[in-house]
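Participant: Dropping the structure in here first, questions after.
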Amino acid sequence: MEKEGHTSQLWAPWRYAYVSDVGRKRDEGCVFCQAPRKSDEEALILYRGKSVYAILNRYPYNNGHLMIVPYRHVARLEELDMEELVEMMKVLRASLKALQEAYKPDGFNVGVNIGKAAGAGIEGHVHVHVVPRWFGDTNYMAVLAGVTVIPQLLSDSYKMLKPLIDKYMGEER
């Protein structure tokens, strides 16, 4: 975006971790298989169930963007067994309740990208995205600059959501 002979810059130094890790993480294996080996806080795991876990997206589209992931490395929903599918839906329901209480969004995008053609960034390990949405959350930054603005640190999102998901998962038992 050039204006009167000068170029505007948008600084987002926290994104350097993503840019610098992309190639290395490809060589390390599946991020969803590795995450449960770390501490909850380090991996941003909000909830650990028997067959699935909930984790904050490290590179979110919006505050509160989380994913529900089976421990088992499978590429497609139809490869999950009934226990995994049922637990995934219970964690989804608890996550929606927690996100509603924490962020009070106007709605949600809930989706699964299966295969590269569908937009799967990690196509070998199926996962469900849960993205809180607000009226007007796609503003001029996304339209003109191709970037989104996330106003909350992931560590703050984690501290806010973890006790709420635990609370709502307690209701699922």
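Participant: Quick test of your reading of the structure: residue 73 fulfils all but one of (1) assigned to a loop (DSSP other than H, G, I, E, B); (2) modelled with pLDDT under 95. Name the failing condition by number.
Facilitator: The single condition residue 73 does not satisfy is (2).
Participant: Hey, residue 50 hits all of (1) over 13 Å from residue 127 (Cβ atoms); (2) crowded, with 18+ Cβ neighbours inside 10 Å but one; which does it fall short on?
Facilitator: (2)
Participant: Let me ask another. Report, by residue number, each residue of segment 37-64 that is over 8 Å from the mean Cα position of the chain (by Cα), within 19 Å of residue 87 (Cβ to Cβ) and not in a loop (DSSP other than H, G, I, E, B).
Facilitator: Within segment 37-64, 40, 43, 45, 46, 47, 48, 52, 53, 54 qualify.
Participant: Take residue 94 and decide whether it is farther than 19 Å from residue 156 by Cβ, in contact (Cβ under 8 Å) with a residue 60 or more places away in the chain and surrounded by 13 or more Cβ atoms within 10 Å (Cβ to Cβ).
Facilitator: yes
The values are calculated or read from the model by the stated rules, or taken from the named source; none is laboratory data. In this text the structure is predicted, and so the values were computed from the model without any measurement. Quick reminder, even Gly has a Cβ in these numbers, built from the backbone with ideal geometry, and neighbours come from all protein chains shown.
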